[in-house]
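Quick notes on the structure that follows.
The values are calculated or read from the model by the stated rules, or taken from the named source; none is laboratory data. Here the structure is a predicted model, which is why all the values come from computation and not from measurement. Counting neighbours? That spans all protein chains shown, and the Cβs are built from the backbone with ideal geometry, glycine included.
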Amino acid sequence: MRRSRIISCGAYLPENVMSNDDLAKIVETSNEWIEQRTGIKSRHIAAKGEATSDMATRAAQRALEKAGLTGLDIDAIILATATPDQTFPATAVTVQDNIGMKDHGFAFDIQAVCSGFIYALATADNFIKSGQIKRALVIGAERFSNIIDWTDRGTCVLFGDGAGAVILEADDTAQGTNKDSGILSTHLHSEGAHRGLLYVDGGPGTTQTTGHVRMNGKEVFRHAVTRMGEVVAEALQANNLQASDIQWLVPHQANKRIIDSMLEKLHLPPERAVITVAQHGNTSAASIPMALAAAVEDGRIRRGDLILMEAMGGGFTWAASLVRW
Ligand code: COA
């Protein structure tokens, strides 16, 4: 049976770090409030002129280097972002050009906000399983600092910029020595009726302006805990696995309290979660591949480990994936 395996990861965070104390100079807030309610200590902010595609390219290049590959070895780029460089073309085609992926393949963007990385992973996985492609670059990249209302303390303290990338490769030996390895399953959901609880109040098809993030934080929190709990149960059941089989929870990094409640639901100890939200806040579609890259880099994630990814975002969208490393 053909499976897709993640063969390498890469991450990129902009140089400029904004601490909670820095934010307290702009809006009425405090380091204590932000850290206690969200677990966030700082976020990275892209430099002037540093576009989503620039960050995506850096993360992609790191993943390519680690795998010993170049753009010529990639058949498809699927890039998840809610903050594309332009309305069109897709940010993915700029990355395609930047990494020298010439004369072959295809590249496109996916928009599912904070669930975007798992949506992109699911799409690439299905292209690979169907035999249409052999290798895909799956990227989550965001420049949320451009769509934040820096006068709204309810949202501006939460988000940051960054990018993460993985390379997926077809593996036809998934039932041999590598039995059960690779992406075991992906589970995607959305519920458009709740699109008014977390959204950007502008866009090319309506106001013609970019708009800013608007959110009902309490409702988002409530839905996130419920929906992610459901989709995780669905993923475990689909693979005949128990929560206790999970070595690593690699969640979307929105809020440490949401991650803690997921750990509680799964009866997993805190040390089984990869938590990076303190360092970079909510980087939307970029957060899961960045967390994955951190835990692979420092040796926490090892061959054979069962990894659970889960996310929830505007739409609402929510998603999960189980991966045997
Ligand atoms: N600093 C200080 N005070 C703040 C603040 C800030 N940055 N933001 C809000 N407050 C105030 C509110 O005005 C309110 O004051 P009041 O009681 O005088 O009216 C008080 O803090 C409580 O606000 P509330 O919104 O009820 O706080 P909360 O406990 O729900 O925490 C969030 C707010 C945003 C941290 C929380 O709702 C959350 O994390 N939601 C999920 C958000 C998320 O993850 N979104 C992305 C999903 S992908």
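Given G140, G116, G154, which one is surrounded by fewer than 16 Cβ atoms within 10 Å (Cβ to Cβ) and either in contact with a Phe, Trp or Tyr (Cβ under 6 Å, 6 or more places away or on another chain) or not β-branched (V, I, T) (or both)? Reasoning before the result, please.
Values: G140 fails: surrounded by fewer than 16 Cβ atoms within 10 Å (Cβ to Cβ); G116 fails: surrounded by fewer than 16 Cβ atoms within 10 Å (Cβ to Cβ).
On inspection, the qualifying residue turns out to be G154.
Is it true that some residue in region 247-261 is among the basic types (K, R), in contact with a Lys or Arg (Cβ under 8 Å, 6 or more places away or on another chain) and either outside the structural domain of V200 (by TED's automatic domain parsing) or more than 24 Å from S181 (Cα to Cα) (or both)? Outline the logic, then answer.
First, pick out the residues of region 247-261 that are among the basic types (K, R): 256-257.
Subset that is in contact with a Lys or Arg (Cβ under 8 Å, 6 or more places away or on another chain): 257.
Restricting the remaining residues to those that are either outside the structural domain of V200 (by TED's automatic domain parsing) or more than 24 Å from S181 (Cα to Cα) (or both) gives 257.
Yes, there is a match, as at least one residue in region 247-261 is among the basic types (K, R), in contact with a Lys or Arg (Cβ under 8 Å, 6 or more places away or on another chain) and either outside the structural domain of V200 (by TED's automatic domain parsing) or more than 24 Å from S181 (Cα to Cα) (or both).
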Among the residues listed as I301, I258, the single one being at pLDDT 95 or above, more than 21 Å from F144 (Cα to Cα) and among the β-branched types (V, I, T): I301
Matching residues, region 144-164, being over 10 Å from V213 (Cβ atoms), among the hydrophobic types (A, V, I, L, M, F, W, C) and within 8 Å of the ligand (Cβ to nearest atom): V157
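Residue by residue, here is whether (1) buried (at least 16 other Cβ atoms within 10 Å of the Cβ); (2) within 16 Å of the ligand (Cβ to nearest atom); (3) polar (S, T, N, Q) holds:
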{"residue": "Y12", "(1), (2), (3)": "yes, no, no"}
{"residue": "N16", "(1), (2), (3)": "no, no, yes"}
{"residue": "D21", "(1), (2), (3)": "no, yes, no"}
{"residue": "T29", "(1), (2), (3)": "yes, yes, yes"}
{"residue": "I34", "(1), (2), (3)": "yes, yes, no"}
{"residue": "G49", "(1), (2), (3)": "no, no, no"}
{"residue": "D54", "(1), (2), (3)": "yes, no, no"}
{"residue": "K66", "(1), (2), (3)": "yes, no, no"}
{"residue": "I74", "(1), (2), (3)": "yes, no, no"}
Qualifying position, being surrounded by fewer than 13 Cβ atoms within 10 Å (Cβ to Cβ) and either within 22 Å of L121 (Cα to Cα) or touching a residue at least 24 places away in the same chain (Cβ under 8 Å) (or both), among D161, D172: D172
Residues that are over 29 Å from A319 (Cα atoms) and of a type outside the set (K, R), drawn from region 100-113: G100, M101, D103, H104
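For region 1-58, list the strands (runs of 3 or more DSSP E) that sit wholly inside it and hold at least 2 residues that are closer than 30 Å to I183 by Cβ; which are they?
Numbers: elements: 3-12, 16-19, 42-45.
Fully inside region 1-58 and qualifying: 3-12, 42-45.
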